Amino acid sequence: MTLSMGVSGGISEETAGTGEVIFPEGFVWGTATASYQIEGAANEDGRGPSIWDTFSRTPGKVFAGHTGDVACDHYHRYRDDVAMMADLGVQAYRFSMAWPRIQPDGSGPVNPRGLDFYDRLVDELHGHGITPLVTLYHWDLPQALEDRGGWTSRETAERFAEYAAVAYGRLGDRIATWTTLNEPWCSSFLGYGAGVHAPGRTDPGAAFAAVHHLLLGHGLAVAELRAAGAAQVGITLNLAPISGDDPEAVAHIDGLQNRIFLDPVLRGEYPADVVERARRFTDWSFVRDGDLDIIGAPIDVLGVNYYSPTAVRLRAGQPANPVHPGSEGIAFVQGDEEKTAMGWSVKPSGLTELLTRVSRDYPGTPLIITENGAAFDDVLADGRVADERRIAFLDGHFRAAHAAIAAGADLRGYFVWSLMDNFEWAEGYAKRFGLVHVDYASQRRTPKDSALWYREVIRRNGLQA
Ligand code: LGS
């Protein structure tokens, strides 16, 4: 028997169907990006260094030594980029603010020129009828804070809440939806545990401390945003359905990937089994009385990033997967599904399963897909990118999202990752997730076929038969 954390039996690729599907009225269609991945202008207008500047300059950490120094040069081209989005009919735009532009040292003096940039961007978006959705932290921690312990330190959580209040103070009148963190799983387990993301530390105990201080930062920021009058606050988590033959192994990885964030944010408690299993790495003494009440304060929206499902099975002698501390004896297995250029399985039904599960186990919080998309080996030829695999990928996942809505999930919107090709972290510029192709030498933007197809989806608020 296969134990799956989603609806029993799941929903097969086939039942997702090929007929016409129309989304609920008011469903929001958007695209997403993140500051370090697109902005460039790394040393302009008083921006301070972030952990990704440091990490990308460390030999061997990022493919071919790529950095975000120039990226898509969006800092200078944001007007054209917003106009391009408007041409594509995009209704909403999820972007992140770079903390080191706003507080170059992560605390203390505010750099007004950093805020000015987001001020101009938000005005430009409104001028084109595009609704902004902001992420306060998409991984570019000010280096000065990392030098004092980064997310392993409680101080970083406190500074984050101050930064949130500063950002809201300038832009709160024009941004309704504020999300605190993007994918704290990546920040903690990839950044402090496995060392494959900035700051590149490889200490499982530090990863658990980072989990807690990221979540505390979220909770403290929610309190600041609420007090200041924010209309909607939330957080984005990268979640995955976990399947496998061994219920214990499935629960173990589900705990480390999903419940370690979902439970504290939506139930105000850490899952007991995760806490117990992690005791060999940490005594959890960084958790103080009252922290879980702060972390578990109600939110208005949960952002879900979904790319690929995870399948596990028991295998004697299997060493721990560095991204899942303590996972000895559990092998991560790949199915025979189609793979993207990242090597990730394409499985739209995993999205239905995930949304249905979150709705069932954590009812009452509206959901948004804050990221879904895929990298493929795109070819620009004669001014065109015929990315039919991306179209098929998105078509399948939109249908899967619709199936979840039909099954009762309160899903309000969908943001495709990404608006345009950009700096894909440790993969540098080698992997292209964009709806729009970027030629990095000329900075020329070319909407791929998928972008033109997406425009039609948005226009119809659904998919044709
Ligand atoms: O660019 C990032 C995208 C691309 O793929 C974005 O900044 C992140 O927020 C997000 O992590 N992104 C992303 N995640 C996919 C992770 C899938 C892991 C599946 C592994 C299967 C073996």
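A few points about this structure:
- Extent along principal axes [Cα atoms of region 146-187; Å; largest to smallest]: 33, 20, 13
- Per-selection Rg to Rh, region 220-307 - Cα, Kirkwood hydrodynamic radius: 1.02
- Efficiency of FRET from Cβ geometry, Asp105 and Arg57, R₀ 22 Å, rounded to 0.05: 0.70
- Rg and Dmax, both from the Cα atoms of region 121-276 and both in Å, are 16.7, 53.
- Kirkwood Rh and Cα Rg combined as Rg/Rh, region 54-150: 1.02
- Per residue, in Å², the accessible surface of region 409-455 once ligands and nucleic acids are set aside, probe 1.4 Å: 29 Å²
- Over the chain, dividing the summed -39,500 (n - 2.57) contributions of all DSSP H runs of at least 4 residues by the number of residues returns a 222 nm mean residue ellipticity of -10500 deg cm²/dmol.
- Secondary structure note: in the chain, about 30% of the DSSP beta bridges are antiparallel.
- Carbon plus sulfur fraction of accessible area for region 313-380, probe 1.4 Å, in percent: 53 percent
- Rounded accessible area of Cys72 (nearest 10 Å², 1.4 Å probe): 0 Å²
- Dipole magnitude of region 313-465 about its Cα centre (Cβ charges: Lys, Arg +1; Asp, Glu -1), debye to nearest 20: 320 debye
- Extension gain, Asp69 to Ala228: 0.36 nm times the residue separation minus the Cα-Cα distance gives 53.9 nm.
- Accessible surface calculations at 1.4 Å, restricted to protein heavy atoms, place region 187-328 at 35 Å² per residue.
- Pair-distance profile P(r), taking every C-alpha pair of region 277-362, with 10 angstrom steps and integer %: 13, 27, 36, 22, 3
- Under 11 Å, Cβ to Cβ, from Val21 - net charge with Lys/Arg +1 and Asp/Glu -1: 0
- Hydrophobic, long helices, defined as DSSP H runs whose alpha-carbon span along the helix axis is 20 Å or greater and whose mean Kyte-Doolittle value is at least 0.5, occur in the chain at 204-228.
- Ligands, DNA and RNA are left out, and with a 1.4 angstrom probe the accessible area of region 29-125 is 32 Å² per residue.
- The C-alpha radius of gyration of region 323-425, expressed as a fraction of 2.2 N^0.38 Å, stands at 1.26.
- Convex hull volume per residue, computed on the Cα atoms of region 181-230, equals 57 Å³.
- On region 19-153, 50 percent of the accessible area sits on carbon and sulfur atoms, based on a 1.4 Å probe.
- Here is the P(r) of region 262-325: all C-alpha pair distances, binned every 10 Å from 0, give 15, 36, 35, 13, 1 in whole percents.
- Over region 425-465 - Rg/Rh using Cα atoms and the Kirkwood inverse-distance radius: 1.13
- Ranked from largest to smallest solvent-accessible area, with a 1.4 Å probe on the protein heavy atoms, Arg259, Arg77 come out as Arg77, Arg259.
- Distance from region 35-97 to region 171-235 (C-alpha centre basis), Å: 19 Å
- Gain on full extension, evaluated as 0.36 nm per residue between Asp80 and Trp284 minus their Cα-Cα distance, stands at 68.6 nm.
- Whole-percent carbon and sulfur share, accessible surface of region 198-248, 1.4 Å: 48 percent
- The charge dipole of the chain, taken about its Cα centre with unit charges on the Cβ atoms of Lys, Arg (+1), Asp and Glu (-1) only, comes to about 140 debye.
- Take the Cα of Glu44, go 7 Å toward its beta carbon, and the backbone nitrogen atoms of region 51-87 under 16 Å from that spot belong to 68-82.
- Prolate/oblate/rounded call for region 177-260, Cα gyration tensor, a/c under 1.5 rounded: oblate
- Reference-scaled alpha-carbon Rg (2.2 N^0.38 Å with N residues) for the chain: 0.91
- Rounded Å value of the spacing that divides the Cα centres of region 240-284 and region 366-396: 32 Å
The values are calculated or read from the model by the stated rules, or taken from the named source; none is laboratory data. Every value quoted in this text rests on a predicted model; they were computed, and no experiment measured them. Please note: Cβ atoms are built from the backbone with ideal geometry, for glycine as well, and neighbour counts cover all protein chains shown. Just the protein is used for accessible areas: all its heavy atoms, side chains included, with ligands, DNA and RNA removed. Shrake-Rupley method; radii C 1.70, N 1.55, O 1.52, S 1.80 Å.
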